[in-house]
1. Do you know which of the residues in segment 55-91 that are in contact (Cβ under 8 Å) with a residue 12 or more places away in the chain and not hydrophobic (A, V, I, L, M, F, W, C) is nearest to residue 24 (Cα to Cα)?
2. Could you list all residues from segment 22-42 that are part of a helix (DSSP H, G or I) and charged (D, E, K, R)?
3. Collect the residues in segment 26-42 that are among the small types (Gly, Ala, Ser) and within 26 Å of residue 60 (Cα to Cα), keeping them in residue-number order.
4. Kindly list, by first and then second residue, each pair from a residue in segment 27-45 that is surrounded by 12 or more Cβ atoms within 10 Å (Cβ to Cβ) to a residue that is part of a loop (DSSP other than H, G, I, E, B) and not polar (S, T, N, Q), limited to pairs with Cβ atoms under 9 Å and residues at least 6 apart or on different chains.
5. Within segment 82-95, is there a residue that is loosely packed, with under 12 Cβ neighbours inside 10 Å, in a helix (DSSP H, G or I) and within 16 Å of the chain's Cα centre (by Cα)?
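The values are calculated or read from the model by the stated rules, or taken from the named source; none is laboratory data. Model, not experiment: these values are computed from the prediction. For neighbour counting, all protein chains shown are included, and Cβ atoms are generated from backbone atoms with ideal geometry for every residue, glycine included.
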Amino acid sequence: MAFQEVIELVGKIIDAGGAAAMLVGALAATIMAIRDAVRRRPGIYTRFRQFLGRAILLGLKLLVAADIIRTVAITPTLMDVAVLGGIVLIRTFLSWSLELEMSGHWPWQKKPSESVAPAEPAAST
């Protein structure tokens, strides 16, 4: 088996992993939401959305990795690199948008729990 064929196979396997991560995540999120609905637990939609978002993020990261492996490992042309750059930009924007939707802040911003609380004024005596 030639090097290029191996790289193509690895890329296809990682692509399949990305698609599987999204599919399995969507199914798991749906099953958990149905279970929570039957049990009448509050916050079903929020948990469903967050679990589904994490599955989509994982899938997108795997798809980007597969594209990078296939494009960089095989002698890339300028057109291949430009197409890869466009794909990575689009998927990165989708990842950031999903992160904002799930957590309420951009990936590069501090999480609310990481922010420093303002100092309390000293008690006067």
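1. This residue is 59.
2. So the first thing to find is which residues in segment 22-42 are part of a helix (DSSP H, G or I), and the list is 22-38.
Passing the criteria: 35, 36.
3. Going through segment 26-42, the residues among the small types (Gly, Ala, Ser) turn out to be 26, 28-29, 33, 37.
Of everything in segment 26-42, those that are among the small types (Gly, Ala, Ser) and within 26 Å of residue 60 (Cα to Cα) turn out to be 26, 28, 29, 33.
4. Final answer for the pair search is 36/42; 36/43.
5. First, the residues of segment 82-95 that are loosely packed, with under 12 Cβ neighbours inside 10 Å: 82, 85-86, 89, 93.
With in a helix (DSSP H, G or I) added as a condition, the list becomes 82, 85-86, 89, 93.
With within 16 Å of the chain's Cα centre (by Cα) added as a condition, the list becomes 89, 93.
Looking through segment 82-95, at least one residue is loosely packed, with under 12 Cβ neighbours inside 10 Å, in a helix (DSSP H, G or I) and within 16 Å of the chain's Cα centre (by Cα).
Residue by residue, here is whether (1) closer than 25 Å to residue 12 by Cβ; (2) out of contact with any Phe, Trp or Tyr (no Cβ under 8 Å at 6 or more places or on another chain); (3) modelled with pLDDT under 80 holds:
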residue	(1), (2), (3)
56	yes, yes, no
62	yes, yes, no
72	yes, yes, yes
76	yes, yes, yes
83	yes, yes, no
87	yes, yes, no
104	no, yes, yes
111	no, yes, yes
125	no, yes, yes
